[in-house]
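Beneath this line is the structure, given in structure tokens, with notes to follow.
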Amino acid sequence: MTEPTMKAPRKAVRPVKWMRENLFSGWFNTVLTLGVAYLLVTSVGPLLNWFFLDANFVGSDPSACTGAGACWVFINQRLNFFIYGFYPDELQWRVNVMFLLLAVAFVPQFIERFPGRKWLGIFGIFGLPVVGYFLIPGGSFGLEAVESSKWGGLMLTLVLAYIGIIASLPIGILLALGRRSEMPIIRGISVVFIEVWRAVPLITVLFMASVMLPLFLPEGVNIEKLARALIGITLWQSAYMAEVVRGGLQAIPRGQYEAASALGLGYWRRMGLVILPQALKMVIPGIVNTFIALFKDTTLVLIIGLLDVLGTVQSTVSDPTWQNVATEGYVFVAFCFWVFCFGISRYSQKLERKLDTGHKT
Amino acid sequence: MKQQRIDAGPAGPVPWYDPRVRSLFFQAIAIALVFWGGWVLVDNTLSNMESRGISTGFGFLNKTAGFGIIMNLVPYDATMSYGRTFWVGLTNTLLVSAMGVVTATILGFIIGVARLSSNWLVARMALVYIEVIRNIPLLLQIFFWYFAVLRNLPSPRQSLDVGGILFLNNRGLYLPGPMPQEGFGIVWGGILLAIAAVVGIRIRARKRQLATGQIFPAFRVGLAILVFVPVVSFLVAGRPLEWDLPVLRGFNFGGGITIIPELAALWIALSLYTASFIAEIVRSGILSVSKGQTEASRALGLPNGLTLRLVVIPQAMRVIIPPLTSQYLNLVKNSSLATAIGYPDLVAVFMGTTLNQTGQAVEVVAITMAVYLTISLLISLFMNIYNRAVAIKER
Amino acid sequence: MGNPMTDQAYTPEKQAPTDGRAGKKPDIIRVEGMHKWYGDFHVLKDLNLTVAQGERIVICGPSGSGKSTFIRCINRLEEHQQGKIIVDDVELTDDVRQIDSVRREVGMVFQQFNLFPHLTVLENCCLSPIWVRKTPRKEAEATAMEYLERVKIPDQANKYPSQLSGGQQQRVAIARALCMKPRIMLFDEPTSALDPEMIKEVLDVMIELAGSGMTMLCVTHEMGFAKTVADRVIFMAGGEIVEQAPPHEFFSNPKEPRTQKFLEQILQH
């Protein structure tokens, strides 16, 4: 082997070549590039001005907003309301503790080699709701009670999404098993339940929960608005969850079912010990995706009068003391949601790729 | 020696250990539970309604509604019945859904293809669009367009004015309304003629290609006919069309066609939001066609355009259509967010105002849910037919 | 080494039918000093090759030696960065019209068949004749049936590819390529993705095709095929042509150590 090692030709002019290939190949691409570039240049400047250069950041009332740009003073001033709603100031540490625990349980999930992250995750799913159940409403262990009508803001959004997903998981699993059952009646009931909930918009479900639920219950039994919304969300979400889990059950090869039967396991052992652990692991990305969808959909509760984070903002932008701060408020909420949803979706994509390669031979 | 009994089959198990008996037993329990639950709910509801003095039944649909609706496609005024409010709401829902489906599809396909563009800048922008839009709640986007953008437009007196025929203000977008005059039938005739001609040309071109192999530029010729024939017939008929221009009368505009800001905000937000999902579907559909397919097509000498048309698109569409229809269903369901900004769709009018005024919660909720259930069943029926057709073709 | 052999030495004894182009130069493919890179990776190094009309060439070599890349360059599924490739008097450049005209004359059979799953066998075969050659459909179908008969599956014409076995699919792929009446056929490991019992049916079709005087370039590990059919065997390793010789010489008396090692490994069972 005596041939000289040659370099690829034209290597020196790489950036120029890259631009010619990726931006200016042919007249159509050139026009497209120039058009998009023009739009970018003309829009980024004014946007930057509005966001930062002409914006006001410090101050304590509307008069501080003198610039032509955004009035971030507004967000600053009302931030407490946007995060905690009417939760009493001196008790907000309880909510903060929950935020902290939530972060401790789930942020490590993004870090590949974090020690014991699996246990933190399990705590997040099973332990956290218990802690929250005592901590947030109070009323026991000497904690002062806080009515649910005082909850609001980002905290309420998280409560709705979190409980919605945790409570719908077991119902969804049962429904998925029911839909794949060999008993026609069980299967029929599951199919009807799933398909009806999936067909109707969440908002009709919420209306139904807030208007009809009181009618369904025996006289004298009264449940508060938040609980009604949660029941509606959970039922609705469990139908979607069932379809996700069913996807996982279908992906388990027949041999696994047969092998479990051959070991002499009964139905529940077969499902609980062999099939579900595999299926659930496989559908984690799917569950995460439905969580993202639910998280965005929780904003709908403002229509039935609950103050989630969008609700708190919506109720303050119409406050006459602040003029024209709607955009600032929406940008703030959009940013909150975007950070959560984008982060989580990245996580689920990563997981999907990992699980994918794990299953290929 | 003991005698073997041979008259019986395998000994049956004790009933409790017989899977068939067990299965029947469980199913009986399930039915009993469902019926019991249903009975409790119905019983509670009836006694609750009785104690609140709410009558049952659908008689309320014939009573006078007595409230106004800001937009109606079917004739409506406050003297009409509650039943009529249902149709007003339903047509408004269908209108905004149809508009959304069309624009979301066009936009979604453009962005999905842009995402795969060899142009780096275009591909990046498409990615940014998708990742920003689909991670922000739809309701927030509707609010943004309605409260932050459309509501901040100038008042009617300071309308944005495009050539004196098109006005945009915080009450809506005002367009001139076409008013066909006598003789417009000729133009309709011209349009029909052009369509018939195009169909005819397509069929002839196809036949000729099959017979002689010659490819006729049916698309370009057809387009030319579609433009040319109606224009000529319009001129021949003496331009029988007048425009009903919007005019400022007092505090607001009159005449022409109005797109109210509620409709516009909902339409824009639904289109942009759904487009971001459709774009991802289109992208993954195109990517699902393996590289070997395009290579084989190129190796057969088919140029790029034909490869796309004959090999890539037919295969990609099979992957695209099922999730695409479920996006359409989502769009129809999401149109119910109209109620948050006051666009009079089915939920806002019927489940909102009508329910509040009549108190007939059970009936109204049942009717509304039945509508969505019907739409969803129709869509899944279509999906099943489509899937079966594709399955037959491939198997 | 790596000297291109002069082609006269290996011109096949029985001259190919000349289909009306008898006066033309007998060289149908010329590759001169061709290099290819993937990024910084030098895949093909200074390849030189001349193929006479009607010649049947088998290219072999260890995996990763660049043999597939090489024949994919001949109909420009891969582009080369340096040197010349001239196919049927047309040089392959960036010009789309030239590439298309070369692809019309060069048929290709892939390892993974690459039949179009949404079209029937017959439609697969007619697609390109109808749209590229502008043949009337009746005629295209008649030709397609002729070739399907030649590959011995006329009865499957109206089935979809997914209904056929691997061997049948590969035979359809050969028929599909032949329907364009190409002057050259490229085979990229046509039997590698097949179950053992199906290899023979595909090889039989290829042997029959070789007997008809088609110019063939074949990347394959089927040494039996090479022995019976090839006019010349080319051994590639590390992106270079290491050795080329007529099959009897190549198998009985390999000159290069790398060739000897490769043959030892492949022929030991």
| message | farther than 18 Å from residue B:139 by Cβ, among the hydrophobic types (A, V, I, L, M, F, W, C) and assigned to a helix (DSSP H, G or I): is that true of residue A:229 in this structure? | response | no
| task | State the number of residues belonging to segment A:281-311 that are farther than 15 Å from residue A:226 by Cβ, more than 10 Å from chain B (Cβ to nearest Cβ) and touching a helix residue (DSSP H, G or I) at 6+ places or on another chain (Cβ under 7 Å). | result | 11
| said: For residue A:222, only one of the following conditions fails: (1) under 27 Å from the mean Cα position of the chain (by Cα); (2) open to solvent by 40 Å² or more (accessible area, probe 1.4 Å); (3) of a type in the set (S, T, N, Q); (4) within 14 Å of another protein chain (Cβ to nearest Cβ). What is its number? | reply: (1)
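Yes or no, residue by residue, for (1) within 22 Å of residue C:113 (Cβ to Cβ); (2) more than 9 Å from chain A (Cβ to nearest Cβ); (3) open to solvent by 10 Å² or more (accessible area, probe 1.4 Å); (4) outside any helix (DSSP H, G or I):
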{"site": "B:281", "(1), (2), (3), (4)": "no, yes, yes, no"}
{"site": "B:314", "(1), (2), (3), (4)": "yes, yes, yes, no"}
{"site": "B:318", "(1), (2), (3), (4)": "yes, yes, yes, no"}
{"site": "B:321", "(1), (2), (3), (4)": "no, yes, yes, no"}
{"site": "B:343", "(1), (2), (3), (4)": "no, yes, no, yes"}
{"site": "B:357", "(1), (2), (3), (4)": "no, yes, yes, no"}
{"site": "B:367", "(1), (2), (3), (4)": "no, yes, yes, no"}
{"site": "B:370", "(1), (2), (3), (4)": "no, yes, yes, no"}
| query | Hey, among B:103, B:91, which residue is part of a helix (DSSP H, G or I), open to solvent by less than 80 Å² (accessible area, probe 1.4 Å), touching a residue at least 40 places away in the same chain (Cβ under 8 Å) and among the hydroxyl-bearing types (Ser, Thr, Tyr)? | reply | B:103
| What are the residues in segment A:107-158 that are in contact with a strand residue (DSSP E or B) (Cβ under 7 Å, 6 or more places away or on another chain) and either open to solvent by 50 Å² or more (accessible area, probe 1.4 Å) or not in a loop (DSSP other than H, G, I, E, B) (or both), if any? | A:150, A:151, A:153, A:155, A:156, A:157
| What about residue A:173, is it touching a residue at least 60 places away in the same chain (Cβ under 8 Å), buried (at least 17 other Cβ atoms within 10 Å of the Cβ), of a type in the set (Val, Ile, Thr) and part of a helix (DSSP H, G or I)? | yes
| message | Here is a check on your reading of the model: is residue A:51 in a helix (DSSP H, G or I), crowded, with 17+ Cβ neighbours inside 10 Å and either away from every other protein chain (no Cβ under 12 Å) or modelled with pLDDT of 75 or more (or both)? | response | no
| query | Which pairs do you get when a residue that is farther than 16 Å from residue B:285 by Cα and within 7 Å of another protein chain (Cβ to nearest Cβ), found in segment B:115-126, comes within reach of a residue that is open to solvent by 30 Å² or more (accessible area, probe 1.4 Å) and among the small types (Gly, Ala, Ser), reach meaning Cβ atoms under 7 angstrom, with the pair 6+ apart or on two chains? | reply | B:118/A:25; B:121/A:37
| message | Kindly evaluate residue A:333 against the criterion of being touching a strand residue (DSSP E or B) at 6+ places or on another chain (Cβ under 9 Å), β-branched (Val, Ile, Thr), on the phi < 0 side of the Ramachandran plot and open to solvent by less than 30 Å² (accessible area, probe 1.4 Å). | response | no
| query | Of all strands (runs of 3 or more DSSP E) completely enclosed by segment B:129-194, which ones contain at least 3 residues that are surrounded by fewer than 21 Cβ atoms within 10 Å (Cβ to Cβ)? | reply | B:160-162, B:177-180
| request: Check whether at least one residue in segment A:161-168 is over 29 Å from residue A:121 (Cα atoms) and in the same structural domain as residue A:287 (by TED's automatic domain parsing), and report yes or no. | output: no
| message | Which count do you get for residues in segment C:79-94 that are surrounded by 22 or more Cβ atoms within 10 Å (Cβ to Cβ) and within 13 Å of chain B (Cβ to nearest Cβ)? | response | 1
| query | Restricting the first residue to segment A:99-128 and requiring it to be within 14 Å of residue A:166 (Cα to Cα), which pairs with a second residue that is of a type in the set (Phe, Trp, Tyr) meet a Cβ separation below 7 Å and a spacing of at least six or different chains? | reply | A:124/A:106
| note | Here the qualifying pairs (Cβ atoms under 7 Å; residues six or more apart or on different chains; first in segment A:327-339 and in the same structural domain as residue A:302 (by TED's automatic domain parsing) and at pLDDT below 90; second hydroxyl-bearing (Ser, Thr, Tyr) and part of a helix (DSSP H, G or I)) come out as A:329/A:316
| task | For segment A:162-170, state whether one or more residues are open to solvent by 60 Å² or more (accessible area, probe 1.4 Å) and part of a helix (DSSP H, G or I). | result | yes
| Do we find that residue B:111 is modelled with pLDDT of 85 or more and either of a type in the set (A, V, I, L, M, F, W, C) or closer than 30 Å to residue A:33 by Cβ (or both) in this structure? | yes
| query | Is it fair to say residue B:305 is open to solvent by 20 Å² or more (accessible area, probe 1.4 Å) and under 30 Å from residue B:195 (Cα atoms)? | reply | yes
| field | Pairs with Cβ under 9 Å, 6+ apart, first in segment B:148-162 and closer than 15 Å to residue B:264 by Cβ and within 14 Å of chain A (Cβ to nearest Cβ), second hydroxyl-bearing (Ser, Thr, Tyr) and open to solvent by less than 90 Å² (accessible area, probe 1.4 Å) | value | B:148/A:327; B:148/A:330; B:149/A:327; B:152/A:327; B:153/B:159
| message | Tally up the residues in segment C:172-214 that are free of Cβ contacts under 8 Å to residues at least 40 places away in the same chain, closer than 18 Å to residue C:112 by Cβ and not acidic (Asp, Glu), please. | response | 8
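Condition check: over 30 Å from residue A:335 (Cβ atoms), at pLDDT below 75 and open to solvent by less than 40 Å² (accessible area, probe 1.4 Å). Does residue A:8 satisfy that?
yes
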| field | segment A:225-238: number of residues that are open to solvent by less than 30 Å² (accessible area, probe 1.4 Å) and either within 22 Å of residue B:375 (Cα to Cα) or within 11 Å of chain B (Cβ to nearest Cβ) (or both) | value | 5
| Mind checking whether some residue in segment A:206-215 is at pLDDT 90 or above, part of a helix (DSSP H, G or I), of a type outside the set (Gly, Ala, Ser) and out of contact with any Lys or Arg (no Cβ under 6 Å at 6 or more places or on another chain)? | yes
| message | As an exercise: evaluate residue C:63 against (1) under 29 Å from residue C:251 (Cα atoms); (2) out of contact with any helix residue (DSSP H, G or I) (no Cβ under 9 Å at 6 or more places or on another chain); (3) open to solvent by 20 Å² or more (accessible area, probe 1.4 Å); (4) within 14 Å of chain B (Cβ to nearest Cβ) and give the number of the one condition it does not meet. | response | (4)
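The values are calculated or read from the model by the stated rules, or taken from the named source; none is laboratory data. Please read all numbers here as calculations on a predicted model, not as lab measurements. Note: ideal-geometry Cβ built from the backbone for every residue, glycine included; neighbour counts use all protein chains shown. Areas reflect the complete protein model, heavy atoms only, side chains present, ligands, DNA and RNA absent. Shrake-Rupley method; radii C 1.70, N 1.55, O 1.52, S 1.80 Å.
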